1. Would you be able to tell me the number of residues in the range 302-343 that are among the aromatic types (Phe, Trp, Tyr) and either open to solvent by less than 30 Å² (accessible area, probe 1.4 Å) or not in a strand (DSSP E or B) (or both)?
2. Quick check: is even one residue across the range 261-278 over 18 Å from the mean Cα position of the chain (by Cα) and β-branched (Val, Ile, Thr)?
3. Considering only residues that are assigned to a strand (DSSP E or B) and among the basic types (Lys, Arg), look in the range 221-255 and name the one that is farthest from the chain's Cα centre (by Cα).
4. From Leu234, Leu219, Leu272, which residue is open to solvent by less than 30 Å² (accessible area, probe 1.4 Å) and modelled with pLDDT under 95?
5. Can you find a residue in the range 24-35 that is surrounded by fewer than 12 Cβ atoms within 10 Å (Cβ to Cβ), in a helix (DSSP H, G or I) and modelled with pLDDT of 90 or more?
6. Taking the range 147-172 only, how many residues are more than 14 Å from the chain's Cα centre (by Cα) and in contact (Cβ under 8 Å) with a residue 12 or more places away in the chain?
7. With the checklist (1) farther than 17 Å from Val307 by Cα; (2) open to solvent by 70 Å² or more (accessible area, probe 1.4 Å); (3) not polar (S, T, N, Q) in hand, flag the one item Gly117 doesn't pass.
8. Mind telling me which of the residues Thr130, Thr149, Thr156 ends up being at pLDDT below 90 and over 17 Å from Ser328 (Cα atoms)?
Amino acid sequence: MTTSRMPTSRSWVLRRFADVQAALAAPELVPPGTRALADPAHRDVQRSVVNLLPVSVVRAAMPALREEAQRLLVALPATSVRDFVGDVAVPWSEAVTSRLLGLDRATLASALPLAQGVFDAASMSDDGETTEDARHAAAMLAALLGGRTSPAVVQTFVALSQSLPGVVSGMMLALLEHPAQLGWLRAACRRDAADALTTDALTADALTATALTVAAHELLRYATPTTAVYRRALAPVRLGGCDIAAGDLVVVRLAEANRDGTAFPDPDRLDLSRGAPGHVAFGAGVHRCSGAVIVRLLVECMLEVLVTCDVTLAPPPDVGVTWNEGLSLRTPKALPVCASDAR
């Protein structure tokens, strides 16, 4: 859990939570491709994401998104092993993308391969730089999405259609491995809803969201899909007891930081009641993931369906998980499940 130099002499790896937090907040460290310390590009993208997809729009779509998630879960046959990724997470994320961005089926179908190209290039990059092929795919994707050229359009589409399935599938795997935790969440949501009946200040929905939000943060900490992000030093900076020179590459290990016992006691234990949202699953600081709030709300949406749906999922015996393992990403590629009626 220390700062270390990679085999290449001008690269560093940060693993400790405190060092990762410091790196993400350091103005000297910027995403590769940023040319100046005061470059406003990322803030511009963040504002564009908010304008493109306000949280109010996401909240308004929640009833329809919950209904779609429940439809997919109920459709899982009880007589065979199914793949949660392919049968639930991917089609639900595509439905989310279509509804939130107002895309018809034809446009969605044409855009998905381009988004996958952008996503795969990013996940396999060993320095955070964008390849020529990825830039070309992103430009084609922007043109396809109504001719809008803002980077926010491409980033939002890729996040919803490509990143979200991995986030949801990682969450589901954690719950399959810890069924008692899902039981705790069901009981907590029932208590919250019951308490709301005698509380004037809060509605049942608000109280249930409180339990769901706490659980979502812990799942994001425990099953962090983004293993690493990259930063380039534009000026000298000292981190983790090491002197990082201008031009050095810094690999910021988010998943390892989220399992640092100095920040999270008993870090390898999933505890949905932990109530510690200070994880770095979305990064931190000025370059934090632009869609972090949206992704968390969507995780809560799927969690709520899992809590209330009459379908119970369990891992089948002797069928293992396969993984997407990029240099900066680790999510389930296939997640076998068996469905049964919970009633």
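The values are calculated or read from the model by the stated rules, or taken from the named source; none is laboratory data. Values in this document were obtained by computation on a predicted structure and should not be read as measured data. When we count neighbours, we look across all protein chains shown, and the Cβ atoms used for this are built from the backbone with ideal geometry, even at glycine. Please note that ligands, DNA and RNA were not included when accessible areas were found on the heavy atoms of the full protein model with its side chains. Shrake-Rupley method; radii C 1.70, N 1.55, O 1.52, S 1.80 Å.
1. Residues of the range 302-343 among the aromatic types (Phe, Trp, Tyr): 323.
Pick out the ones that are also either open to solvent by less than 30 Å² (accessible area, probe 1.4 Å) or not in a strand (DSSP E or B) (or both) and you get none.
Final tally of qualifying residues: 0.
2. yes
3. Going residue by residue through the range 221-255, those that are assigned to a strand (DSSP E or B) are 226, 229-233, 237-239, 242-244, 249-252.
The next check asks that each one be among the basic types (Lys, Arg); those that pass are 231-232, 238.
Numbers: Arg231: 19, Arg232: 23, Arg238: 29 Å.
Top of the filtered list is Arg238.
4. Details: Leu234 fails: open to solvent by less than 30 Å² (accessible area, probe 1.4 Å); Leu219 fails: modelled with pLDDT under 95.
One residue alone meets the criteria, Leu272.
5. No, there is no match, as no residue in the range 24-35 is surrounded by fewer than 12 Cβ atoms within 10 Å (Cβ to Cβ), in a helix (DSSP H, G or I) and modelled with pLDDT of 90 or more.
6. Qualifying residue count, the range 147-172: 5.
7. Evaluating Gly117 over (1) farther than 17 Å from Val307 by Cα; (2) open to solvent by 70 Å² or more (accessible area, probe 1.4 Å); (3) not polar (S, T, N, Q) leaves (2) as the failure.
8. Working: Thr130 fails: over 17 Å from Ser328 (Cα atoms); Thr156 fails: at pLDDT below 90.
Unique residue meeting the criteria: Thr149.
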